[in-house]
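Chemist: Got a structure for you, questions after.
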Amino acid sequence: MASCSGQGSGTEQSELSCRVKPSETFHDRIEPLLRDDRPASCNQCHLSGVDLSAFARATPCQTWACLVDQQLVDLKSPEASRILGWILRASPESELITPDVIQAEHDGFLEWIEANAACPAACAGEVCGGPGEGPSCSSGTSDAEPLVPTGEDERGCSDMQLEQAFFDDVYAFRGRCFPCHFDNQLKADPLAPRWLSAVGNCATGSAVTLKRVLGLGLVDVEDPSQSLLLRKPLGVVGGGVEHGGGAKFTAGDAAYESFLRFVQHYAACQQPAP
């Protein structure tokens, strides 16, 4: 009797903890990071302007759903979550953002991620929000001018440098892919892969987009000029491959040259060091 009662009590306590722990951790450890009066590293740990507030929604579970959608958290290995790496590589521009502040943010996020990973049912069924709900990146212009690099140091191979290069060379022309490939344009062609992220701010959207581009194998590191990231927008007439949306640029125009510069740079970074 005592044994059975103890087991039942333990199960109930575990279920109660899962109903409470993730939200409680959010309010204790994450919500304070969103206050305007608190120095935070989120907007300095990556491209300029990355900020968790871009994913903040009305409830902790909706906020969690946004981070899951953007693949910024790792449920199997919470400590490997992408957003934690962004925090730890902060290069603070303010003396108020000390190593202790950065570590506290990292530990707070990790605790929250672990709480949700341990209780998957706590936020089951929640969604980040449909198009128009919460901040999103604009579609951009189809005629954006790429930011031409001025020195070798700006074209390095670190994660941050590659993300910056993608932001400058590819994401700047995202308007040419609107609306079919945007993940917040649900009424566009249902057959078009939604590889272009527009949830949150543009800097975060660019980083997530790069991850998707690489995951889909759109960059050919053996022969960069044959990358689908280049050949699809060219279309068959332009010397590329069939593209449901037709040609989006021609070989030699500003967008093509910019895309080509990125895939060549990325491919060079993947080659073994001499």
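The values are calculated or read from the model by the stated rules, or taken from the named source; none is laboratory data. Note that this is a predicted model, so its numbers are computed, not measured. Because the Cβ atoms are built from the backbone with ideal geometry, glycine has one as well, and the counts that use them run over all protein chains shown. Areas reflect the complete protein model, heavy atoms only, side chains present, ligands, DNA and RNA absent. Shrake-Rupley method; radii C 1.70, N 1.55, O 1.52, S 1.80 Å.
Chemist: Can you work out which of the residues in the stretch 196-230 that are part of a helix (DSSP H, G or I), open to solvent by 60 Å² or more (accessible area, probe 1.4 Å) and not small (Gly, Ala, Ser) is nearest to residue 269 (Cα to Cα)?
Modeler: Checked the stretch 196-230; the qualifying residue nearest to residue 269 (Cα to Cα) is 214.
Chemist: With respect to residue 176, determine if the residue is closer than 17 Å to residue 218 by Cα, part of a loop (DSSP other than H, G, I, E, B) and among the basic types (Lys, Arg).
Modeler: No, not satisfied.
Chemist: If only one of 210, 162 is touching a residue at least 24 places away in the same chain (Cβ under 8 Å), within 27 Å of residue 57 (Cα to Cα) and not polar (S, T, N, Q), which one is it?
Modeler: 210
Chemist: Something else now. What about residue 251, is it assigned to a loop (DSSP other than H, G, I, E, B) and either open to solvent by 40 Å² or more (accessible area, probe 1.4 Å) or polar (S, T, N, Q) (or both)?
Modeler: In short, yes.
Chemist: Within the stretch 231-248, which residues are in contact (Cβ under 8 Å) with a residue 60 or more places away in the chain and either more than 13 Å from residue 176 (Cβ to Cβ) or in a helix (DSSP H, G or I) (or both)?
Modeler: Across the stretch 231-248, the qualifying residue is only 244.
Chemist: Being open to solvent by 30 Å² or more (accessible area, probe 1.4 Å), farther than 24 Å from residue 85 by Cβ, more than 21 Å from the chain's Cα centre (by Cα) and modelled with pLDDT of 85 or more is the requirement here; does residue 179 meet it?
Modeler: Considered against the rule, which asks whether it is open to solvent by 30 Å² or more (accessible area, probe 1.4 Å), farther than 24 Å from residue 85 by Cβ, more than 21 Å from the chain's Cα centre (by Cα) and modelled with pLDDT of 85 or more, residue 179 comes out as no.
Chemist: Right, residue 157: outside any loop (DSSP other than H, G, I, E, B) and in contact with a Cys (Cβ under 7 Å, 6 or more places away or on another chain) or not?
Modeler: no
Chemist: Would you mind finding the one in 272, 190 that is exposed (fewer than 14 other Cβ atoms within 10 Å of the Cβ), over 16 Å from the mean Cα position of the chain (by Cα) and more than 23 Å from residue 71 (Cα to Cα)?
Modeler: Only one candidate passes the filter, namely 272.
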